[in-house]
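The values are calculated or read from the model by the stated rules, or taken from the named source; none is laboratory data. Here the structure is a predicted model, which means the values were calculated and not measured. Neighbour counts are summed over all protein chains in view; Cβ atoms, including those assigned to glycine, are modelled from backbone coordinates with ideal geometry. These area figures cover heavy atoms from the full protein model, side chains too; ligands, DNA and RNA do not enter into them. Shrake-Rupley method; radii C 1.70, N 1.55, O 1.52, S 1.80 Å.
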Amino acid sequence: MITLNAKIPEGPLEEKWTRYKSTTKLVNPANKKKLDIIIIGTGLSGAGSAAALGELGYNVKVFCYQDSPRRAHSVAAQGGINAAKNYKHDGDSVFRLFYDMIKGGDFRAREANVYRIAEVSNQVIDHYTALGVPFAREYGGTLDTRSFGGVQVSRTFYAKGQTGQQCLLGAYSSLNRQINAGTVTMFPRRDMLDIVVIDGRARGIIVRNLLTGEIERHSAHAVVLASGGYGTIYYLSTLAVNSNASAAWKAYKKGAAFANPSFVQIHPTSIPQLNEFQSKLTLMSESLRNDGRIWVPKNKGDKRPANDIPEEERDYYLERRYPTFGNLVPRDVASRAAKERCDAGYGVGDTGLAVNLDFRDAIKKQGKKVIENKYGNLFEMYQHITGLDPYEEPMRIYPAGHYTMGGLWVDYELMTTLPGLFSIGESNFSDHGANRLGASSLMQAAGDGYFILPNTISNYLSGEIRTPRVPTTGAEFDEAEKNAKERIDKLLSIKGKNTSTTFHRRLGKIMWDYCGMTRNEEGLKKALKLVDELRKDFWSDLMVPGEGADLNQELEKAGRVADFMELAKLMITDALNRKESCGAHFREEYQTPDGEALRNDNEYSYVAAWEYNGDNEPILNKEPLKFEFVELKERSYK
Amino acid sequence: MPDMKLKLKIWRQKNAKTKGSFVSYDLDNVSPDMSFLEMLDALNKRLVEAGKEPVAFDHDCREGICGSCGMYINGYPHGPVPGLTTCHLAMRYFNDGDSITIEPWRAKAFPVIKDLIVDRSAFDRIQVAGGFISVTAGAAAEANAILVSKVKSDEAFDSAICIGCGACVASCKNASAMLFVSAKISQFALLPQGKVEAKARVRAMIREMDKQGFGNCSNTGACEAQCPKQIKLTNIARLNREYYKAY
Ligand SMILES: Cc1cc2nc3c(=O)[nH]c(=O)nc-3n(C[C@H](O)[C@H](O)[C@H](O)COP(=O)(O)OP(=O)(O)OC[C@H]3O[C@@H](n4cnc5c(N)ncnc54)[C@H](O)[C@@H]3O)c2cc1C
Ligand code: SF4
Ligand code: FES
């Protein structure tokens, strides 16, 4: 069994990070050049860390599956990025941001890590601004902010509805500067297939060159996973369709514990499914809830067009149930409330699986121009996809899989339980507990990449300065490459009748029905069986045409679906284990009389870190969560 | 709207070394709610189930922001509807019985890799040459220390939203990359943060652009018309000014 040592520094909350930084071991500049670091991923976390580590003088190799690092999934983030600047003078502070995240996460995150990310949030905004990220500004020339769900201050910096794109292009530019300087080498169109472990340490990776199909070996003194989240396990989700769990899953199978895999955020405001071939669900940013009001008809099955339903026959159910936070309740709460109304028969649209997000009042009050200025591109996107005009009638929205709070377990240094393997950004589990607050993921990804990892990785690498450049010829590389090739051959040899996408859709449906917005024991147990059956079908009836030694997109997909099916079982196992409701993990058996999540702090105030155990059941390791600086409370947004 | 029947004529090419050709496919049951890429998914499903190789194309976000997708659709990069990427183009814009011709970007600097996939790494090399502001993590001043006029900042944003898809190059008879390069140059030229390195940047990016084999700009304006993000030609004028200032 592994030991979980979170390595939280001693001392008061607000001094931990400063103390850590001033006492951690450093690597001198001459030695940095001799140390190789591999990074998987070029999102805000990966590109940021590559740039920062390159700037420090390390020798960095970066990988992504897209044709260019600029296309990493972070590019799609819309609404904004948080920081505790208190520019609005509305009482914000590092502590308040920390507290909002701890509470928003329903007291299932580690205090020290959360405080630290709140602390570096301001540096992130300073850095992006210096890189030329065109955040929205006030007329006086200062930066503007807006509000997001689950908080009562205005701390979200934004660039229209394209904040992720602008931050990512900023990160990409800093990455490019290091490529230009020769400290970073970029390897696009590569799929990571395995981690190579030598003498108990992560020493390299096996990748498939997606253009040629060639299997490549790369070695390093440390490996960093910045490979994003696994929300695409539901098939239909708001993520880029090629987003996957494979890198993190391979790490798990090589000894990195996987924490809280069942903590998945279902986002309340996405465009509902429109056709059976639909490949993804498009998010409508949470920022819309600043001005849009969510409602359904008061009368069951009322099929009149929304605009014909008079005010007194509308149920603004979020405002009704949560008068304090209203439409700005956290995502998990908003999603469940939408599901509750639709399940009870009040949903709108052809399928009844949608609720209204209405801008009528905001347009009346602020004028169309102002609304257009704030959300123009989102409105346009909505209209193009649905053919409906949200200036004239309410948007129709429904929850969709969006973000994974679960991920690889990391300690305070962002190192996994496999020495030398680090995990940053959405791929780790660290900062969002059981539910993430809006606009805090970009903040975390950027903070991890630019400001945290560069400070913590040196503590590990200082012990590596005598390790010569790792050769890629050893038995461990041979073995990992052989395994990767064997799996490819196996996938190609089934020659069944169904595409990997067909299996992915079926998996997505099982997970959505039984391990989605709400869960219960019976359903989860059923899901375990269904996933087992699906896996059997997959390995006997899959069709992957073409060859391995060629560009083969069906093969890429098949490998990802195979990993998703394995991860699905771990997610379900985790959801079964946690006999409480917290944040996005809502076990129907554990709720308050008015339908809110019922935590069980005595028994479940821990991080569930699952350890791979071959063909046997995974081993549960518990990291107890100690709350020294905040009081454990019922999370209320009423 | 009921489902549609389409006649597709798609460029198939095994790899960079072999010659490609058009192959025709009939596709039924196309829902008007599908995106163009979902329509191709439907075709690919049929091909794969029959053990045949699907049509290869780049895609990822499927919401118009990553810049992965892109193909000529009836001669237009990203298709006939202005302001949309291929992934956002709904089949609603087509009619039952339509014939649709689908090809990869054609430009010397974007060699075809397979079917509809081309190599756009030349774009990255231009950005690597100078598309950045040299600031090291940790060195930045407080974000509000430098005030930036909202008008300028909004204008910089309008340039910064280029997604690097390459439609501008594909639409240009000279295969010029000027719109793409000018978008980055403009973003930084409009912001005080970008001023310090302005001269070196524009020289480096133009030098690299020429080296990558893109053609010259003859002010035809096809790029602006086809750009899914509606990046304006005025960016090219600004690029030219910045370039003259730099020598
Ligand atoms: C539609 C949408 C909107 C969002 N809006 C917001 C928002 O407004 N504010 C906010 O804070 N958060 C938002 N989020 C969440 C946020 O965008 C992500 O959590 C964050 O960008 C993740 O960044 P990352 O660096 O961890 O990884 P990503 O940006 O996901 O990047 C992953 C990288 O890993 C690479 N990779 C993955 N697997 C492999 C592999 N096997 N081999 C090789 N490379 C691999 C990919 O190529 C990519 O480069 C949004 C998310 C979605 C889906
Ligand atoms: S300028 Fe427009 S067409 Fe050209 S790459 Fe950018 S977004 Fe695409
Ligand atoms: S797939 Fe991302 S822009 Fe089309």
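Worth a mention:
- Only one entry in A:E476, A:E521, A:E481 is away from ligand 1 (no atom under 16 Å from the Cβ) and either out of contact with any helix residue (DSSP H, G or I) (no Cβ under 8 Å at 6 or more places or on another chain) or farther than 23 Å from A:A400 by Cα (or both), namely A:E476.
- The single residue among B:D115, B:D60 that is charged (D, E, K, R), in contact (Cβ under 8 Å) with a residue 60 or more places away in the chain and either crowded, with 24+ Cβ neighbours inside 10 Å or touching a strand residue (DSSP E or B) at 6+ places or on another chain (Cβ under 6 Å) (or both) turns out to be B:D115.
- Members of the range A:36-80 found to be more than 16 Å from ligand 2 (Cβ to nearest atom), surrounded by fewer than 24 Cβ atoms within 10 Å (Cβ to Cβ) and assigned to a loop (DSSP other than H, G, I, E, B), listed by number: A:G57
- Selection of the range A:139-171 for residues being under 18 Å from A:G376 (Cα atoms) and without any contact (Cβ under 8 Å) to a residue 24 or more places away in the chain yields only A:D144.
- Residue in the range B:6-17 that is within 11 Å of another protein chain (Cβ to nearest Cβ), under 23 Å from B:N174 (Cα atoms) and touching a strand residue (DSSP E or B) at 6+ places or on another chain (Cβ under 7 Å) present: yes
- Residue satisfying all of: in the range B:184-224; in contact (Cβ under 8 Å) with a residue 60 or more places away in the chain and in contact with a Phe, Trp or Tyr (Cβ under 7 Å, 6 or more places away or on another chain); farthest from B:C165 (Cα to Cα) among these: B:G194
Residue-wise test of (1) assigned to a loop (DSSP other than H, G, I, E, B); (2) away from ligand 1 (no atom under 16 Å from the Cβ); (3) within 12 Å of chain A (Cβ to nearest Cβ).
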| residue | (1), (2), (3) |
| --- | --- |
| B:M39 | no, yes, yes |
| B:R46 | no, yes, yes |
| B:K52 | yes, yes, yes |
| B:L84 | yes, yes, yes |
| B:W105 | yes, yes, no |
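- Residue that is farthest from B:S24 (Cα to Cα), among those in the range B:54-70 that are more than 8 Å from chain A (Cβ to nearest Cβ) and more than 13 Å from ligand 2 (Cβ to nearest atom): B:F57
- Hey, B:A177 outside the structural domain of B:R62 (by TED's automatic domain parsing), more than 16 Å from ligand 1 (Cβ to nearest atom) and surrounded by fewer than 20 Cβ atoms within 10 Å (Cβ to Cβ) or not: no
- Residue list for the range B:142-153, restricted to those being of a type outside the set (K, R), without any contact (Cβ under 8 Å) to a residue 40 or more places away in the chain and either under 12 Å from A:G140 (Cα atoms) or at the interface with chain A (Cβ under 7 Å from one of its Cβ atoms) (or both): B:E142, B:A143, B:N144, B:L147, B:S149, B:V151, B:S153
- The residues listed here are B:A170, B:A156; of these, the one that is more than 7 Å from chain A (Cβ to nearest Cβ) and either in a helix (DSSP H, G or I) or at negative phi (or both) is B:A170.
- Leading residue by the ranking (most open to solvent (accessible area, probe 1.4 Å)) among those in the range B:77-90 that are within 12 Å of ligand 2 (Cβ to nearest atom) and either more than 15 Å from B:L40 (Cα to Cα) or acidic (D, E) (or both): B:P82
- Residue that is farthest from ligand 1 (Cβ to nearest atom) [pool: residues in the range B:211-239 that are more than 24 Å from B:M71 (Cα to Cα) and open to solvent by 60 Å² or more (accessible area, probe 1.4 Å)]: B:T234
- Residue match in the range A:272-287 (condition: modelled with pLDDT of 95 or more, out of contact with any Ser or Thr (no Cβ under 7 Å at 6 or more places or on another chain) and more than 14 Å from chain B (Cβ to nearest Cβ)): no
- Annotation note: Cβ proximity below 6 Å between a residue of the range A:43-72 that is farther than 26 Å from A:E556 by Cα and within 12 Å of chain B (Cβ to nearest Cβ) and a residue that is of a type in the set (F, W, Y) and surrounded by fewer than 24 Cβ atoms within 10 Å (Cβ to Cβ) (sequence gap 6+ or interchain) occurs for no pair.
- Test: residue in the range B:119-138 that is open to solvent by less than 40 Å² (accessible area, probe 1.4 Å), more than 10 Å from chain A (Cβ to nearest Cβ) and in contact (Cβ under 8 Å) with a residue 24 or more places away in the chain: yes
Residues are listed down the side, and each one gets a yes or a no for (1) surrounded by 24 or more Cβ atoms within 10 Å (Cβ to Cβ); (2) assigned to a loop (DSSP other than H, G, I, E, B):
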site	(1), (2)
A:N373	no, no
A:G376	no, no
A:P399	yes, no
A:D411	no, yes
A:G438	yes, yes
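- Out of A:I465, A:I452, A:I385, A:I457, one residue alone is within 14 Å of chain B (Cβ to nearest Cβ) and surrounded by fewer than 23 Cβ atoms within 10 Å (Cβ to Cβ). It is A:I385.
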